[in-house]
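So the structure is just underneath, and the comments pick up after that.
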Amino acid sequence: MKIKENYAAIERTVALVKEKFGADSKIAVMFEKCISNTLQTTIKIKENDTVFVITGDIPAMWLRDSACQLRPFLLFAKEEPELVELVCGLIKKQMQCILLDPYANAFNENGDGQCWDHDKTDMKPELWERKYEIDSLCYPVQLSYLLWKNTGCTEQFTGEWLEAAKTVIRVFRTEQDHENASPYTFERENCSFTDTLSRDGKGALVKSNVGLIWSGFRPSDDACVYGYLIPSNMLASVILGNIAEIAREIYHDEKLAEEADAFSEEVRNAIETLAILPAQKTEYYAYEVDGFGQYLVMDDANLPSLLAMPYYGYCDNKNERYRNTRKVILSDQNPYYFSGECAKGIGSPHTYTRFIWPMALAMQGLTSDSMEEKLKMLERIAACDAGTDLVHESFHVDHPDDFTRPWFSWANSVFCELVLDYCGQKVTL
């Protein structure tokens, strides 16, 4: 296995994008550079045909980021067997990571003990960071499912994959009763309160056994205020359904299929019961809840988000509760929605005040039916790249030259996916 310099399917798509937007247009130039940047700078072929994908300017692999980084390549993999191999190699590595420690979010290329910080948790030399985030277990499963649905490939579904899927279900079941059943704790010293968990590493108290799954941290790697993170529970419900279909169609394991189906429905029912804000004129979802009646109204740019519900398959964009939620989070009712001289959009408590994330702008376009809105988001991202032709983590709404993370592959890939979407190429869910 190796990474080629050129792939015919990608070159044809670059030509299509140039024809659509203009050969010298900013959007076309950025698309060509971003798609190449992910492929040529973040992917490392390892032993036993595994693939390690760094996030960019941090030399570690996040389970979530790596899956999202390669998602646009599913559209080219239909015609490029070598890209199918790459995605399969990543999935193989991700499943090995899950089996090594399902509570970790980021891993080292080698077991050399490098880490973000020396945290009080059950660290191993292979772990870069051990923040338990529901979505870290979801994205590798969804990537596996999407590879199957978009290319027909089933090589990823090995005995190791099945064991990892069962591990995901086991951890999710445990974390429905985090207070009493979970072995997981996490503490970091001399840091922001968003980088550690309260109560000796257990996190804020939640009501047990209400049907939702507890998460210590958000996809931003910030600690949850209330432990039931709704977008991540939504994604969990989706991928449990994916596991059920894979168990039934690939492994012919009806018992596992029924278990996963029932679990998916249980989580969905809990979301629809417990995550809707009470006594409002319209029904919309909270970002986090604790099961006792506390609700957090906001959205974060990082995926999964409330904005991204249709993108990861929880509902379509015509769903009434989604549409109501979208109106709330794309307004000043969301404390992390910022408007400025150059742009407006969703930011994150992970970055500075009045910094918005291009990833959220891309997601606003990806979840819209309006071609006008899609183009508007593409133009907004392209106008705020600080002359780099790459997509950054975040930028100041008044001064786009003031940005964070010059090399952030996840954002590049989500931008590319919006360009492809605008050109009529969409990943099949």
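The values are calculated or read from the model by the stated rules, or taken from the named source; none is laboratory data. For clarity, every value in this text was computed on a predicted model and none was experimentally measured. Here Cβ is always computed from backbone atoms with ideal geometry, including for glycine, and neighbour counts include all displayed protein chains.
Return a yes/no flag: does the stretch 24-44 have any residue that is under 30 Å from Ser232 (Cβ atoms) and free of Cβ contacts under 8 Å to residues at least 40 places away in the same chain.
yes
Among the residues of the stretch 317-359, write down those that are surrounded by fewer than 21 Cβ atoms within 10 Å (Cβ to Cβ), part of a helix (DSSP H, G or I) and touching a helix residue (DSSP H, G or I) at 6+ places or on another chain (Cβ under 6 Å).
Tyr322
Can you name the condition, by its number, that Leu420 falls short on among (1) crowded, with 22+ Cβ neighbours inside 10 Å; (2) closer than 27 Å to Tyr314 by Cα?
That leaves (1) as the condition not met.
Let's see how each residue does on (1) of a type outside the set (Asp, Glu); (2) buried (at least 17 other Cβ atoms within 10 Å of the Cβ); (3) closer than 22 Å to Asp290 by Cβ:
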| residue | (1), (2), (3) |
| --- | --- |
| Asp222 | no, yes, yes |
| Tyr226 | yes, yes, yes |
| Asn233 | yes, yes, yes |
| Ile239 | yes, yes, no |
| Ala247 | yes, yes, no |
| His252 | yes, no, no |
| Ala260 | yes, yes, no |
| Phe263 | yes, yes, yes |
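Are any residues in the stretch 341-362 farther than 22 Å from Asp222 by Cα, touching a strand residue (DSSP E or B) at 6+ places or on another chain (Cβ under 7 Å) and either modelled with pLDDT under 95 or not hydrophobic (A, V, I, L, M, F, W, C) (or both), and if so, which ones?
Residues of the stretch 341-362 farther than 22 Å from Asp222 by Cα: 341-344.
Filter once more, keeping what is touching a strand residue (DSSP E or B) at 6+ places or on another chain (Cβ under 7 Å): 343-344.
The one that is farther than 22 Å from Asp222 by Cα, touching a strand residue (DSSP E or B) at 6+ places or on another chain (Cβ under 7 Å) and either modelled with pLDDT under 95 or not hydrophobic (A, V, I, L, M, F, W, C) (or both): Lys344.
When you look at Gly203, is it buried (at least 21 other Cβ atoms within 10 Å of the Cβ), touching a residue at least 12 places away in the same chain (Cβ under 8 Å) and over 29 Å from Leu147 (Cα atoms), yes or no?
yes
So which residues in the stretch 264-293 are free of Cβ contacts under 8 Å to residues at least 40 places away in the same chain and of a type in the set (A, V, I, L, M, F, W, C), if there are any at all?
Leu277, Ala279
Got a number for residues in the stretch 11-56 being polar (S, T, N, Q), more than 25 Å from the chain's Cα centre (by Cα) and modelled with pLDDT of 95 or more?
Here is the first cut: in the stretch 11-56, the ones polar (S, T, N, Q) are 13, 25, 36-38, 40-42, 48, 50, 55.
This time we only want the ones that are more than 25 Å from the chain's Cα centre (by Cα), so: 25, 48.
Checking which are modelled with pLDDT of 95 or more leaves us with 25.
Of the residues in the stretch 11-56, 1 are polar (S, T, N, Q), more than 25 Å from the chain's Cα centre (by Cα) and modelled with pLDDT of 95 or more.
Regarding the stretch 294-307, can at least one residue be identified that is over 17 Å from Leu212 (Cβ atoms), free of Cβ contacts under 8 Å to residues at least 12 places away in the same chain, among the polar types (S, T, N, Q) and assigned to a loop (DSSP other than H, G, I, E, B)?
no
Determine, yes or no, whether Arg405 is surrounded by fewer than 24 Cβ atoms within 10 Å (Cβ to Cβ), in contact (Cβ under 8 Å) with a residue 60 or more places away in the chain and of a type in the set (Lys, Arg). Step through it out loud before you land on a result.
Working: surrounded by fewer than 24 Cβ atoms within 10 Å (Cβ to Cβ): yes; in contact (Cβ under 8 Å) with a residue 60 or more places away in the chain: yes; of a type in the set (Lys, Arg): yes.
Yes: the conditions hold for Arg405.
If you scan the stretch 239-265, which residues turn out to be more than 19 Å from the chain's Cα centre (by Cα) and within 22 Å of Phe217 (Cα to Cα)?
Taking the stretch 239-265 first, the residues more than 19 Å from the chain's Cα centre (by Cα) are 244-263, 265.
Matches in the stretch 239-265: Phe263 only.
Residue-by-condition table, conditions (1) out of contact with any Lys or Arg (no Cβ under 7 Å at 6 or more places or on another chain); (2) part of a helix (DSSP H, G or I); (3) more than 16 Å from Leu39 (Cα to Cα):
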site: Leu390; (1), (2), (3): no, no, no
site: Pro400; (1), (2), (3): yes, no, yes
site: Ala411; (1), (2), (3): yes, yes, no
site: Cys416; (1), (2), (3): yes, yes, no
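Give the stretch 193-218 a look and list any residue that's over 21 Å from Ser305 (Cβ atoms) and polar (S, T, N, Q), or say none.
Hits for the stretch 193-218 are Thr196, Ser198, Ser208, Asn209.
This table checks each residue for (1) over 21 Å from Val414 (Cα atoms); (2) surrounded by 22 or more Cβ atoms within 10 Å (Cβ to Cβ); (3) among the hydrophobic types (A, V, I, L, M, F, W, C).
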{"position": "Arg64", "(1), (2), (3)": "no, yes, no"}
{"position": "Leu70", "(1), (2), (3)": "no, yes, yes"}
{"position": "Ala77", "(1), (2), (3)": "no, yes, yes"}
{"position": "Ile91", "(1), (2), (3)": "no, yes, yes"}
{"position": "Asp112", "(1), (2), (3)": "yes, no, no"}
{"position": "Lys120", "(1), (2), (3)": "yes, no, no"}
{"position": "Ile134", "(1), (2), (3)": "no, yes, yes"}
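Taking the condition of being of a type in the set (Ser, Thr, Tyr) and buried (at least 24 other Cβ atoms within 10 Å of the Cβ), how many residues in the stretch 136-177 meet it? If you could, list the steps in order and put the result at the bottom.
So the first thing to find is which residues in the stretch 136-177 are of a type in the set (Ser, Thr, Tyr), and the list is 136, 139, 144-145, 151, 154, 158, 167, 174.
If we keep only those that are buried (at least 24 other Cβ atoms within 10 Å of the Cβ) too, we end up with 136, 139, 144.
Within the stretch 136-177, residues that are of a type in the set (Ser, Thr, Tyr) and buried (at least 24 other Cβ atoms within 10 Å of the Cβ) number 3.
Is it true that Thr325 is touching a Leu at 6+ places or on another chain (Cβ under 7 Å) and modelled with pLDDT of 95 or more? Break it down stepwise before answering.
Working: touching a Leu at 6+ places or on another chain (Cβ under 7 Å): yes; modelled with pLDDT of 95 or more: yes.
Considered against the rule, which asks whether it is touching a Leu at 6+ places or on another chain (Cβ under 7 Å) and modelled with pLDDT of 95 or more, Thr325 comes out as yes.
Out of curiosity, is Ala362 assigned to a loop (DSSP other than H, G, I, E, B) and not polar (S, T, N, Q)?
Values: assigned to a loop (DSSP other than H, G, I, E, B): no; not polar (S, T, N, Q): yes.
Criteria not met by Ala362.
Can you tell me which residue is nearest to Arg405 (Cα to Cα) among those in the stretch 39-62 that are surrounded by fewer than 21 Cβ atoms within 10 Å (Cβ to Cβ) and among the polar types (S, T, N, Q)?
Taking the candidates together, the pick is Thr41.
Kindly provide the set of residues from the stretch 13-66 that are hydroxyl-bearing (Ser, Thr, Tyr) and either at positive phi or touching a Lys or Arg at 6+ places or on another chain (Cβ under 7 Å) (or both), ordered by number.
Of the stretch 13-66, the ones hydroxyl-bearing (Ser, Thr, Tyr) are 13, 25, 36, 38, 41-42, 50, 55, 66.
Hit for the stretch 13-66 is Thr50, nothing else.
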